[in-house]
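Rule-based calculations on the coordinates, nothing more; no lab input. This is a predicted model, so every value here is computed, not measured. Cβ placement follows ideal geometry from the backbone for every residue including glycine, while neighbour counts extend to all protein chains displayed.
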Amino acid sequence: MFGAGAMTNSIDEIRDADLLFVTGSNTTEAHPIIAMEMKRAIQRGAKLIVSDPRKIWLADMADIFLQIRPGTDVWLLNAMANVIISEGLTDDDFIARSTEGFEKVKAATAKYSPEEAEKVTGAPAELIREAARIYATTEKAGIYYTLGITEHTHGTDNVYCLANLVLMTGHLGKRSAGMNPLRGQNNVQGANDAGASPIFYPGYQNVTDESARKKFEEAWGVELSPNEGQNLNVMMKSVIKGKIRGLYVMGEDIVISEPNASKLEVGLNENCEFLVCQEIFHNVTTRFADVVLPGACFAEKDGVFTNSDRRVQRVRKAVDPPGNAREDWRILIDFAKASGYPMPDYASPSEIYDEMAALTPKVAGISHRRLEENIMGLQWPCPDPDHPGTPTLHIDGPLKGKADFQAVEYRPSDELPDDEYPLVLSTGRVLYHYNAATQTRREAGSMAKIGRNFIEMNRKDARRLGFHDGEIVDVVSRRGRIDAEVMISPRMRVGCVWMPMHFEESRANLLTNDAGDPVTQTGEYKVCAVRVEGRNGNGHKNPER
Amino acid sequence: MSSTEFDIKINGRTCTASKGETVFEVAAREGISIPTLCHDTRLEPAGACRVCLVEVEGQRRLEPGCAWKVSEGMEITTESDRIERHRKVLYGLYLADHDLDGEGLPVETANGNQLRELAQKTKPLALHSVDAPRVGRPEDVNPYIAFEPDLCILCARCTRYCDEVEAVNAITLANRGSETTIATAGMRGLLDTTCELCGGCIDTCPTGALIEKKSPDPLPADAKTVRSTCNFCGVGCQLDLHVVGTNGTSRVAKVTSPPPGETVNDGNLCIKGRFAYDFIHHEDRITEPLIRGEDGELHPATWDEAITAAAEGIGRVKEKYGADALGFVSSSRCTGEENYLMQKISRAVYGTNNIHQCSAT
């Protein structure tokens, strides 16, 4: 709508914000250092709105907490837009100057009254009104969101709704005011920036754009495919269907990380004819590998990571990789050569970066040499070697000229609870572990804090089902069954349960739904229907044993 | 000069200051160093340690530079005989209640000891040592953070950090007088409190009374420090990796944050960034290339064999089914350069745009 998926503000702008709207982000656990900046803003007097199905830690500090039903974000956000429009709180100058399509959104949100929204979301109408008012009327108001917004079959719609709020209030292009997806992994921003994308070459240059393709064909000396590729979720479905038969997987445990994991395992076994894994630890995926190439961890190689606020920073080699393991960039060069391609003999990642920068206007001014001098890193866009980088995006209006409003209608989540699977499961991350936990499960403190999988549930659900805290139960969805320890928690809504996604021996992604968002194909990790069965005859619908 | 700016004098030098600033802040900007133990730029001034006392023209008593707000025309003196006398007595009092080495100086710790540095500059008044009945929590089994009461000067930087920055309030000052100590609720171990094991208390402690259990002793003098970027979430915290040993056997022995104010994390780290580095040298690391044999098991191979097998296997699939029957999964855990190479391999070497990483999920 107004540019690439990246924070429009910088992390250090958070402390000066006067309003933080945190939605679908358990910031204190998933981005603890950004949460410290939020806490600093709050201690300074900034207002905080939190919307989340779980009463997360930040909710305790919030001025307004909207504990919505999972998957009802569109209702909440459209109702906030409705209030802002009907109470005349829009920034009409900004709308006229920098946007298009406001009338569509005005018409579409007319029926999303706070009272109706209360029925769907469970958040009180008066709180929705209040949240809309303080968001619209506070100058330095920033939105912070993460996968609680995007991991839905309507994830793109959720993002559109947030962007509509930003555009109608003009909270863009200013310090501490903007729209900020907090990126989940150290270099997820950098991987996208570098073109690890089925539709973009490095720097978001479209593969279907002929002039871009020509440029890369010339640089690389080969003809390139004009067709968009498959994104990861589609790729995994293609493996299941037998359409993709060879995979090269570097640094990801696709089996533990992708939704509906058991079908994927069958696909890897029966359809995938060749699988290369480049990894630092064995994981579930390497069990299926034909060749395993031992790579290097971050402390063993040089390069750059790009963080959430588009900041390119150096990674420096501190120690050698263990045994015969090698730096991943060296492995990739050798693999390309063995495949018959004249990959240049790059002496260092610095030379690889220079090749990319020469083809990528967004980072054309960045080099390892400049990063040695800039201790804080450089934030793209940074188009030439004299450019200081860009802390805040859209200062001179939206990058694309005019930003489009997108009218959005509510669609329910793909799988809703029913008699057989009566609870709504959401999944996520805890502070003490990281993703597939290959690193953190080897760490004493992380394991001492959380050593096994758990299912968080409201006391009322636990009592109704006859569970006590700490009891081992089975969690069952249409796709799989895993065990977990009951954690009775005041953070949960009645009817909703939550599990972390870290544990290999009890994989939440055996349960989750791989139904994808129509635009991004992102799986619906945040909503699927489950039932919980006890081991002693308690719980809902015990299987006959 | 804007309307909220005015001149003050520090040690006779004219300095521009703004309303709301402290003496310490203006002096730091002017390059005038005022010693302190209890001050941390991330925290509200506490004026607890009394090390930063300065003379303020017109004030009868010495005043704490960290907390004293400047006003127009104020004249400050940061070094004088009077201040020096104050420091001698103050440091003497601290030393009387501190673990001392053979030379009578505060002991060196893994985290440095700023009291030792001060006592080396200004000879403290010799006083009889007191045996303070301050208690620690020796039974606390958390794997990361220990507290040594004999090194504590009760400046409360740790408890204020836990409150003001991390905002979990796991530790607090407890008891009175010489029994005052750093405590938890009910003196429980940190694992049974709201502590999130961020280790910020270790980092802010000026005397090394909070000890990193994974690295309790000072590192050897030839330890290297390598600045890098954390490999966990997307905040991009900067880390200093402390490396001991020589080529081939070198190890990351400790991780700290660069000082506050220098990098995006402002001196802060979380449990993962500060402590979760054991994986680097873990025995489970894959150390040999592996090829699956006829028996269905993975077997060690040379790099030549493995790279050739990988290229042949992927090439065979392309030959049989076409380039779009291949998928390349790159990694948001790897560097930008490696992601660039991976997409180049997918596109230029194999001819497919089926290249992605976990950002869809």
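Residue-level analysis places B:Ile345 outside the set of residues that are of a type in the set (A, V, I, L, M, F, W, C), facing chain A (nearest Cβ under 7 Å) and farther than 20 Å from A:Ala347 by Cβ. Scanning the stretch A:70-112 for residues that are within 26 Å of A:Glu151 (Cα to Cα), under 29 Å from the mean Cα position of the chain (by Cα) and surrounded by fewer than 17 Cβ atoms within 10 Å (Cβ to Cβ) returns a single hit, A:Lys104. Quick check on the stretch B:116-135. Is at least one of its residues assigned to a strand (DSSP E or B) and closer than 13 Å to B:Thr207 by Cα? No, there is no match, as no residue in the stretch B:116-135 is assigned to a strand (DSSP E or B) and closer than 13 Å to B:Thr207 by Cα.
The set of residues in the stretch A:113-128 being part of a helix (DSSP H, G or I) and either surrounded by fewer than 17 Cβ atoms within 10 Å (Cβ to Cβ) or of a type in the set (D, E, K, R) (or both) consists of A:Glu115, A:Glu116, A:Glu118, A:Lys119, A:Glu126. The single residue among A:Lys214, A:Lys237, A:Lys241 that is of a type in the set (Lys, Arg) and in contact (Cβ under 8 Å) with a residue 40 or more places away in the chain turns out to be A:Lys237. Can you confirm whether the stretch B:292-303 contains a residue that is more than 42 Å from the chain's Cα centre (by Cα), facing chain A (nearest Cβ under 7 Å) and more than 30 Å from A:His152 (Cβ to Cβ)? Yes - at least one qualifying residue is present in the stretch B:292-303.
Note on the stretch A:481-528: enclosed strands (runs of 3 or more DSSP E) holding 2 or more residues that are of a type in the set (A, V, I, L, M, F, W, C) are A:481-488, A:496-500. Against the test of being out of contact with any Gly (no Cβ under 9 Å at 6 or more places or on another chain), more than 7 Å from every other protein chain (Cβ to nearest Cβ) and buried (at least 24 other Cβ atoms within 10 Å of the Cβ), the options A:Asn164, A:Asn158 yield a single qualifying residue, A:Asn164.
Report, by residue number, each residue of the stretch A:249-279 that is under 23 Å from the mean Cα position of the chain (by Cα) and at the interface with chain B (Cβ under 8 Å from one of its Cβ atoms). If the condition is that a residue be under 23 Å from the mean Cα position of the chain (by Cα) and at the interface with chain B (Cβ under 8 Å from one of its Cβ atoms), then A:Val249, A:Met250, A:Gly251, A:Glu252, A:Ile254, A:Ser257, A:Glu258, A:Pro259, A:Glu279 are the ones that fit. Of note, B:Ser257 satisfies the criterion of being within 13 Å of chain A (Cβ to nearest Cβ), under 18 Å from B:Arg157 (Cα atoms) and among the hydroxyl-bearing types (Ser, Thr, Tyr).
Taken over the stretch B:205-229, the criterion of being among the β-branched types (Val, Ile, Thr), surrounded by fewer than 24 Cβ atoms within 10 Å (Cβ to Cβ) and within 23 Å of B:Asn169 (Cα to Cα) is satisfied by B:Ile211 alone. One residue stands out in the stretch B:194-233 among those that are of a type in the set (Asp, Glu) and assigned to a loop (DSSP other than H, G, I, E, B): the one that is farthest from B:Ile271 (Cα to Cα), namely B:Asp222.
In the stretch A:423-481, the residue that is nearest to A:Glu505 (Cα to Cα) out of those that are hydroxyl-bearing (Ser, Thr, Tyr) and within 14 Å of another protein chain (Cβ to nearest Cβ) is A:Thr438.
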